[in-house]
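Heads up: the structure comes next, in structure tokens.
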Amino acid sequence: MTDDAILFGGTANPALAEAVARELGISLAPCTVERFPDGELSVRLGRSVRRREVFVLQATAPPVNDHLMELLSFADACRRSAAARVIAVVPYFGYARADKREGRREPVTASLVAALMETAGISHVLTVDIHSAQMEGFFRIPMDTLSAVGLLCGALRGRLPEGTTVVSPDAGRVKTASEFAERLGLPLAVLNKHRESGTRTRVTHIVGDVRGRACLIVDDMISTGGTIVESAEALRGAGASGPIVVAATHGLLMGDACRRMAVHGVEEIVLTDSVPVRGAEGPRVRTVTLAPLLAEGIRRAAGEPGTS
Ligand code: R5P
């Protein structure tokens with residue numbers, strides 16, 4: 001980390017911001033975030049950022065719009081205070097799934113978010129396991145996507161049941177699932193998923209043999225748990241009989257996601273701390289921290305000699 005760099009932590013994930021600062025051997029820069037009764041928010045930087053490289057760590061996690069607006073406000077404050085560069089460290093990137101139009105008369109909200117970030121003065125984005133790689137194409141500024149697959153595999157290695165198959169819950173996750181399978185030395189199966197609404201999906205095909213096998217379903221994120229529930233049901237229907245374990249980078253776990261997954265036989269979920277993981281009844285939840293990965297990403301983006 002260069003002496004010049006400053007790190008602010010937003011309110012989406014204060015524990016992760018503190019952990020990243022500890023990894024970097026610095027303190028978080030002082031700031032105030034206030035929410036008014038009418039829903040507006042106000043951000044105040046507690047120190048000068050003039051001609052400095054400023055990192056703002058903020059997951060655009062639920063409530064997504066509030067946390068996004070907070071990140072944009074931080075960036076605007078930095079830009080107006082003459083920061084040299086504003087680097088947004090976004091461990092979870094909300095709206096990344098809205099990267100194409102499913103039908104007519106719809107927005108591409110991910111592209112709108114990219115434009116808003118640039119307008120607010122963000123000059124570089126650092127994120128983790130974003131929903132799809134084409135997201136990068138929405139930005140004209142540099143965007144780096146770090147991968148948590150190595151961390152998640154480290155947490156799974158030696159702890160999976162005998163005869164486990166890695167399962168991709170849809171076509172979009174095949175590349176990631178292949179990486180898990182390769183790193184863990186396990187076979188791969190792929191489900192074809194059809195999304196019927198924001199909360200309902202249906203598995204139409206299974207490629208690969210899961211009969212009599214335990215399954216490790218891997219995904220970038222778990223929101224309502226619908227994808228995992230449908231996948232678990234389809235795998236059981238195809239003869240999978242061992243425990244079902246899930247690994248995902250972003251555990252939003254909205255509503256009763258944990259309980260629903262437990263009901264459908266998910267025994268354990270391994271997540272990162274990209275968003276604060278809520279304790280809930282359901283499968284055993286283990287988390288691995290992104291702090292060292294993000295700290296290394298920040299060091300590289302800050303251009304510390306010998307690390308790029
Ligand atoms: C979809 O393509 C994503 O990769 C996830 O599978 C999905 O968004 C998870 O959402 P939910 O838990 O609500 O099914």
- Query: Give me the pairs: first residue in segment 249-267 and closer than 25 Å to Ala291 by Cα, second residue of a type in the set (Lys, Arg) and more than 12 Å from the ligand (Cβ to nearest atom), beta-carbon distance under 6 Å, and six or more apart or on different chains, which are they?
  - Reply: Leu253/Arg278
- Consider Asp256 against the criteria (1) crowded, with 16+ Cβ neighbours inside 10 Å; (2) acidic (Asp, Glu); (3) within 24 Å of Phe93 (Cα to Cα): it satisfies all of them except one. Which criterion is unmet? (1)
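Looking only at segment 16-55, filter to residues that are small (Gly, Ala, Ser), in a helix (DSSP H, G or I) and in contact with a strand residue (DSSP E or B) (Cβ under 9 Å, 6 or more places away or on another chain); which one of those is nearest to Arg300 (Cα to Cα)? Break it down into steps so the answer makes sense when it comes.
The initial filter retains those residues of segment 16-55 that are small (Gly, Ala, Ser), namely 17, 19, 21, 25, 27, 29, 39, 42, 46, 48.
Narrowing further to those that are in a helix (DSSP H, G or I): 17, 19, 21.
Subset that is in contact with a strand residue (DSSP E or B) (Cβ under 9 Å, 6 or more places away or on another chain): 17, 21.
Values: Ala17: 17, Ala21: 15 Å.
The selected residue is Ala21.
Would you check if Ala295 is of a type outside the set (Asp, Glu), assigned by TED's automatic domain parsing to the domain that holds Leu191 and either within 22 Å of Val90 (Cβ to Cβ) or more than 13 Å from the ligand (Cβ to nearest atom) (or both)?
Against the criterion (of a type outside the set (Asp, Glu), assigned by TED's automatic domain parsing to the domain that holds Leu191 and either within 22 Å of Val90 (Cβ to Cβ) or more than 13 Å from the ligand (Cβ to nearest atom) (or both)), Ala295 does not qualify.
Report, by residue number, each residue of segment 150-164 that is within 19 Å of Val89 (Cβ to Cβ) and crowded, with 16+ Cβ neighbours inside 10 Å.
We begin by selecting, within segment 150-164, every residue within 19 Å of Val89 (Cβ to Cβ); these are 150-151.
Residue satisfying the conditions is Leu151 alone.
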- Per the filter on segment 24-41, residues touching a Leu at 6+ places or on another chain (Cβ under 8 Å) and closer than 20 Å to Leu293 by Cβ are Leu24, Ile26, Leu28
- Query: What number of residues within segment 237-273 are part of a loop (DSSP other than H, G, I, E, B), on the phi < 0 side of the Ramachandran plot and more than 14 Å from the ligand (Cβ to nearest atom)?
  - Reply: 6
- Identity of the residue in segment 201-223, modelled with pLDDT under 95 and more than 11 Å from Ala189 (Cβ to Cβ), that ends up nearest to the ligand (Cβ to nearest atom): Thr201
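Output the residues belonging to segment 224-236 that are assigned to a helix (DSSP H, G or I), of a type in the set (Gly, Ala, Ser) and either in the same structural domain as Thr127 (by TED's automatic domain parsing) or near the ligand (Cβ under 6 Å from one of its atoms) (or both).
Initial filter on segment 224-236 (assigned to a helix (DSSP H, G or I)): 226-236.
Pick out the ones that are also of a type in the set (Gly, Ala, Ser) and you get 226, 231-232, 234.
Gly226 - this is the single residue of segment 224-236 that is assigned to a helix (DSSP H, G or I), of a type in the set (Gly, Ala, Ser) and either in the same structural domain as Thr127 (by TED's automatic domain parsing) or near the ligand (Cβ under 6 Å from one of its atoms) (or both).
Kindly state which strands (runs of 3 or more DSSP E) lie completely within segment 111-220 and contain at least 1 residues that are in contact (Cβ under 8 Å) with a residue 60 or more places away in the chain and closer than 30 Å to Ala77 by Cβ. Don't jump to the end; show me each part of the working.
On the way: elements: 124-128, 143-146, 164-168, 188-195, 201-207.
Filter on segment 111-220 gives 124-128, 143-146.
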- Query: Within segment 175-200, restricting attention to residues that are surrounded by 15 or more Cβ atoms within 10 Å (Cβ to Cβ) and among the β-branched types (Val, Ile, Thr), which residue is nearest to the ligand (Cβ to nearest atom)?
  - Reply: Thr176
- Can you name every residue in segment 122-176 that is on the phi > 0 side of the Ramachandran plot and over 15 Å from the mean Cα position of the chain (by Cα)? Gly158, Gly163
- Across segment 67-105, what is the total count of residues that are more than 16 Å from the ligand (Cβ to nearest atom) and either under 18 Å from the mean Cα position of the chain (by Cα) or outside any strand (DSSP E or B) (or both)? 26
- Please enumerate the residues belonging to segment 184-193 that are within 28 Å of Arg278 (Cα to Cα) and modelled with pLDDT under 95. Lys193
- Item | Boolean, Val86 is touching a residue at least 40 places away in the same chain (Cβ under 8 Å) and of a type outside the set (Gly, Ala, Ser) | no
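The values are calculated or read from the model by the stated rules, or taken from the named source; none is laboratory data. If you're wondering where the values come from, they're calculated on a predicted model, not measured in any experiment. Note that each Cβ is placed from the backbone with ideal geometry, even for glycine, and that neighbours are counted across all protein chains shown.
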